[in-house]
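Heads up, the thing below is written out as C-alpha cells.
The values are calculated or read from the model by the stated rules, or taken from the named source; none is laboratory data. Treat the numbers as computed from the prediction; the structure is a model and nothing was measured. Every residue, glycine as well, gets a Cβ built from its backbone with ideal geometry; the counts of neighbours run over all protein chains shown.
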Amino acid sequence: MSYVVLARKYRPRSFAQMVGQEHVVQALTNALTQGRLHHAYLFTGTRGIGKTTVSRILAKSLNCTGADGRGGITAEPCGVCQACTEIDADRYLDYIELDAASNRSIDEIRDLIERAAYKPGIGRYKVFMIDEAHQLTKDAFNALLKTLEEPPDYLKFVLATTDPEKMLPTVLSRCLQFNLRPMAPATVRDHLRQVLASEGVPFDDGSLRLLARAARGSMRDGLSLADQAIAYGGGRLAEDVVRTMLGSVDRSHARTLVQALARRDGAAVLAAVDGLRGLGLSAAGTLEEMALLLQQMAVQQAVPGAVDAQDPEAADVPVLAGLLAPDETQLLYSMVLHGRGELQLMSDEYGALTMVLLRFLAFPPAGGALPAARADARPTESPREPTREAPATRVAPLRAPSPPALTLPATPPVVAAASPEVPAANAEDFAPHLQLVPPGASAPAARYEAAPAQVSAPPVPTHTFGDRWAGLVRRLCEQGAVTALVRELALQSGLRDVDAQSAPPRWQLVVERETLRAPVLRDKLAAALAAELGQPVALELEAGVPEDTPSRREAAERQRRQAAAEETIRNDPVVRELMTQFKTARIVPGSVKPI
C-alpha cells in the first residue's frame, strides 16, 4: 500500500476533530443544529489552516444520510454513508471543488452556473466550493453575482481565499464570512505530539518546538515538516537533526548578540557574526531568533514572570531582560524585525547582518561615554573600554533635542520690540521659524537640518505612457496591492511601451536598479496589475535609466510644495514686518514644512 502523507492521513473528518478553529466550529455547529443555513459561505485565512477541510465537513453535514440511510442535516456527519465517504475521497457527484488559481476566467464560471441549473443527482444539496476565489477575474465575479445572491434552494456556495481584500465588495456582502485564525505554536506542537505518538515515531520536545515554530500557524505545514523531518532523521525526531534540516539558529547565538549589543561591544558583535559565517548559519534565521528572544524580553519587562517557565529556551530571559531598558528592547526589536528585509539587498548577507546590528550601536545610552569617533566628545572624555564581565547598566537612551525657541537679544535691536503694528508677544508664534541674535554677535547655527533657501522644482520629462503608469501605480499603492520591493519596483520604473495586440498584452518597463529586475518581483507586480486591470499582463523589464517614473513625479511634487510653502512664509506680511523690526532675525533653514 502506498504511503499517505501525514497532512492527508490526519486531515479532520468531522468538526470534533478540528483543531484551533473553535470559533468557526461552534458557529457552524449551531447553525446546522438550528437549521439556520446560509446560501453562501466565505472562509478566509492563511494557507494550511483548514479552509478546504471545513468546506468538506460542511458538505458532509448537509448531505449525510446516517449509517442507516435515514439521517438528515447534522453537525456530526456519520462518516460511513455514501455522501461522507465519497466527499472524503473527492469523488462525490454533488460536491464540486473549483481551483480559481487555474480556473479563473468567465468561461469556467459560466460552466459552473450551467451546472447549477440542475438539481442534485444523489445528494440533498449541491455544494460548489471555489478555492482561492480572489483570483477570479472581475468578469467572472460579475457573472457569478446573480446566482450567488439568489441560488436555488438546493445549492450552497462555499468560497475560500487567502486574500479577502482582493474580493469584490459585492461578493463579500453576499456571503457569511468566517475568518480562520493562524494556530498558536503550542496548538501545533500538541497536535504534532498526538500524531507522532499515533505513528510510533520517537521524538523529543525540542524537535516539536522547532517544527511548531517553523509551521507559522499552519497545521498542514507543521505536518509536512514533520514528514520531512522523519525522512531526514531516519525515522526519529531529534532537536539537533531538526534544527539542521530547518536551518534554524540556536538560541545561544541570539543570546550572545543581545549581550554584546547591551554592552555596546562592537568587537564582540563582529566576532559573533564571523562565527555565524564560519558555521554557515542563516543571517535571516539569526535575526528571527533574536526577534523571538527580544519579544520574550519585552514581555518579561512589561509583566515580570509572564514568560512561560516551562520553555527551556526562556530560562535566561529574566536575566537578559535586565540588560536593556524597555525602550532599548523595543528599538532593537524594531531594527531586527525590519532588518530581515534588508538582507537580500546585498550579495553578502553577513555583511548586511553586520550593518543591521551595528545600527543599534549608533544609539548609545544616556550617561554612558560616547564612542571615540564622535567629533563632539569633550577633551576630558576617553573612549569607554567594553565591559565583558558585568552586564550593562540600565539607562535610558538619548532623547531628541527640544525644538528651538526664540532667543531674545540682551541688547535691544535697532527697532523696538514694542512696535504698534507687531506686538512683541506675537514673536512667540514664529519661534520655530525665526532666531534672533544680539547686534555684533555671530548668528547661532541652525538647530534644524539645513535646507536651501530657494527650492527649485524642475519638471519631470513626461512620456507617452507616464500619466497612465503613474495613476495605475498610485492606485496599487493606495490599495496595498504592492508592498516592499514590489512597490519599489513599480515606483522606480518607467513605462516605455504597451503592446495591446499581443496575448496577453505586453508591457515594457525600464528599470535602472538590477536588484529590482528580479523575476520574482516582476511576477508579483504582473499579478497585481492583472488583478487591477482584470486581465493577464506580460511584463518585460529592461535595463536603463527611466526619466519619467512615479517616484520622480512624487519627488518633483514634494519640491514644488516645499518651494510654495517657503515662498508663503517669506511673503507673509507679519513675518516680513517682524524681520524688518528685528534686523538679526532670520528664517531657520529647513524649519518650514508644507501642510
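Within the stretch 102-151, the residues that satisfy the criterion of being touching a Gly at 6+ places or on another chain (Cβ under 9 Å) and in a helix (DSSP H, G or I) are LYS138, ASP139. Identify all residues within the stretch 245-287 that are hydroxyl-bearing (Ser, Thr, Tyr) and within 17 Å of GLU313 (Cβ to Cβ); write none if there are none. Selection gives SER248, SER252, THR256, THR286. Being farther than 17 Å from TYR125 by Cβ and buried (at least 23 other Cβ atoms within 10 Å of the Cβ) holds for only one residue in LYS60, LYS51, and it is LYS51.
Could you pull out the residue among VAL25, VAL54 that is more than 22 Å from ASP153 (Cβ to Cβ), touching a strand residue (DSSP E or B) at 6+ places or on another chain (Cβ under 9 Å), β-branched (Val, Ile, Thr) and assigned to a helix (DSSP H, G or I)? None of the other options fit; the residue is VAL54. Between ARG475, ARG558, ARG553, the distinction of being assigned to a helix (DSSP H, G or I), surrounded by fewer than 15 Cβ atoms within 10 Å (Cβ to Cβ), of a type in the set (D, E, K, R) and in contact with a helix residue (DSSP H, G or I) (Cβ under 9 Å, 6 or more places away or on another chain) belongs to ARG475 only. Of all residues in the stretch 568-584, those satisfying the criterion of being in a helix (DSSP H, G or I), of a type outside the set (A, V, I, L, M, F, W, C) and modelled with pLDDT under 85 are ARG570, ARG576, GLU577, THR580, GLN581.
Based on what the data block shows, is ARG243 on the phi > 0 side of the Ramachandran plot and buried (at least 16 other Cβ atoms within 10 Å of the Cβ)? When the stated conditions are applied, ARG243 does not pass them. Only one of the listed residues (PRO164, PRO120) is farther than 22 Å from GLY50 by Cα and surrounded by fewer than 20 Cβ atoms within 10 Å (Cβ to Cβ). That residue is PRO120. Residues being under 30 Å from GLY222 (Cα atoms) and either exposed (fewer than 14 other Cβ atoms within 10 Å of the Cβ) or without any contact (Cβ under 8 Å) to a residue 12 or more places away in the chain (or both) are entirely absent from the stretch 126-149. Look at (1) farther than 30 Å from THR170 by Cβ; (2) in contact (Cβ under 8 Å) with a residue 24 or more places away in the chain and you find that GLY71 fails only one, number (2).
Reported count of residues in the stretch 82-101, each being out of contact with any strand residue (DSSP E or B) (no Cβ under 6 Å at 6 or more places or on another chain) and either surrounded by fewer than 20 Cβ atoms within 10 Å (Cβ to Cβ) or within 30 Å of LYS138 (Cβ to Cβ) (or both), is 9.
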